[in-house]
1. Let me know the whole percent of all Cα-Cα pairs from the stretch 85-221 that are separated by more than 17 Å.
2. Can you compute the label reach from residue 139? Point 7 Å from Cα along the Cβ direction, backbone N cut-off under 15 Å, restricted to the stretch 42-78.
3. I need the calculated FRET efficiency for the pair residue 58 and residue 148, taking r as the beta carbon distance and R₀ as 25 Å, to the nearest 0.05.
4. With θ set to phi - 60° and the Karplus curve 6.51 cos²θ - 1.76 cosθ + 1.60, what are the ³J(HN,Hα) couplings of the stretch 24-36 in order, to the nearest whole Hz, using x for Gly and Pro?
5. Semi-axes, largest first, in whole Å: what does sqrt of 5 times each Cα gyration tensor eigenvalue give for the stretch 43-136?
6. Output the pairs from 34/76; 37/91; 62/96; 19/76; 33/217; 96/217 with a Cα-Cα distance over 20 Å in this structure; if there are none, say none.
7. Got the relative contact order for the stretch 62-221 handy, in percent, Cα pairs under 8 Å and 6 or more residues apart?
8. Compute the distance in nm between two label points, each set 7 Å from the Cα along the Cα-to-Cβ direction, one at residue 96 and one at residue 22.
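Laboratory data are not the source of any read-out in this text; all were calculated from the coordinates shown. Everything numeric in this text was worked out from a predicted model, so none of it was measured. Here the Cβ is made from the backbone with ideal geometry for all residues, glycine too, and neighbour counts use every protein chain on show.
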Amino acid sequence: MKSESICVNLWINFFMTEKSIWEKSTSHGEILKKIWKHLDLGVIDRDHPFHQVVFATVAGNKPAIRTVILRRFWRKNPRRLAFHAHLGSPKIAEIKSNPNVSWLFYHPAENFQVRIEGIATIHSSDELADEQWNATGLFSRRCYVGEAPSQASEKPTCGLPENLIDRKPTKEESEAGRKNFVVISSTIDSIDCMELDVKGHRRSLFVWNEKGELETKWLTP
Ligand SMILES: Cc1cc2nc3c(=O)[nH]c(=O)nc-3n(C[C@H](O)[C@H](O)[C@H](O)COP(=O)(O)O)c2cc1C
């Protein structure tokens with residue numbers, strides 16, 4: 001989108017809602033509460049903009065990004081986010097060689113962006129992986145019965161077994177996918193939040209240090 005149309009959208013939004021983030025005083029605590037609320041909603045509401053998130057890994061010396069579905073969020077002990085993936089997908093090897101990851105969320109109606117950095121873990125056979133597999137529906141399980149993403153093919157392919165293209169697997173058939181199913185979780189070590197506003201944007205930084213203490217800063221947007 002061109003920068004003029006972003007400005008026009010912000011003006012329209014401002015006049016329609018007639019509220020500005022600068023109208024009342026705020027704190028890092030208030031902003032963090034808002035972020036936590038939207039991460040909670042992103043997990044449970046498939047129409048919430050935080051349900052689909054951009055997840056970045058490091059592939060050699062290049063960034064690698066892709067959209068994933070937010071499946072879990074923990075506010076503490078430790079703060080974490082998680083999504084599901086196929087064990088054979090390239091992001092697994094990328095995380096094994098460099099577990100530094102980041103997440104990008106954007107809420108277009110509430111006008112704010114959240115960038116999160118953390119360290120990823122791959123869960124293939126622990127309690128979390130079992131819990132998430134048990135909560136995964138048969139249609140979704142079908143992806144794990146099929147081929148891993150990012151494999152080259154001579155012709156266009158959906159990667160699913162022929163006999164499952166037009167239907168969901170039975171529970172028994174779906175169990176073949178369990179060995180390919182992993183949960184990727186990451187700690188939440190820092191959050192950079194940018195709130196857009198026609199009177200001027202606002203950017204806040206939250207960093208949990210090695211002792212687990214939260215350090216906060218304001219940044220120029
Ligand atoms: C809306 C949407 C949701 C997606 N959700 C996931 C997901 O939850 N997990 C996943 O591994 N890939 C998901 N994908 C596919 C990835 O974006 C990506 O194409 C695939 O995982 C291969 O990534 P990799 O080669 O970087 O490992 C999704 C794609 C879209 C467009």
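1. 70
2. What the label zone holds, given the 15 Å backbone N cut-off, is 46-47.
3. Efficiency at R0 = 25 Å is approximately 0.80.
4. Listing the rounded values in order: 10, 5, 9, 8, 4, x, 5, 5, 5, 4, 5, 4, 4 Hz.
5. 21, 18, 12
6. Cα-Cα > 20 Å for 37/91; 19/76; 96/217; rest within.
7. The normalised contact order for the stretch 62-221 reaches 27 percent.
8. 5.2
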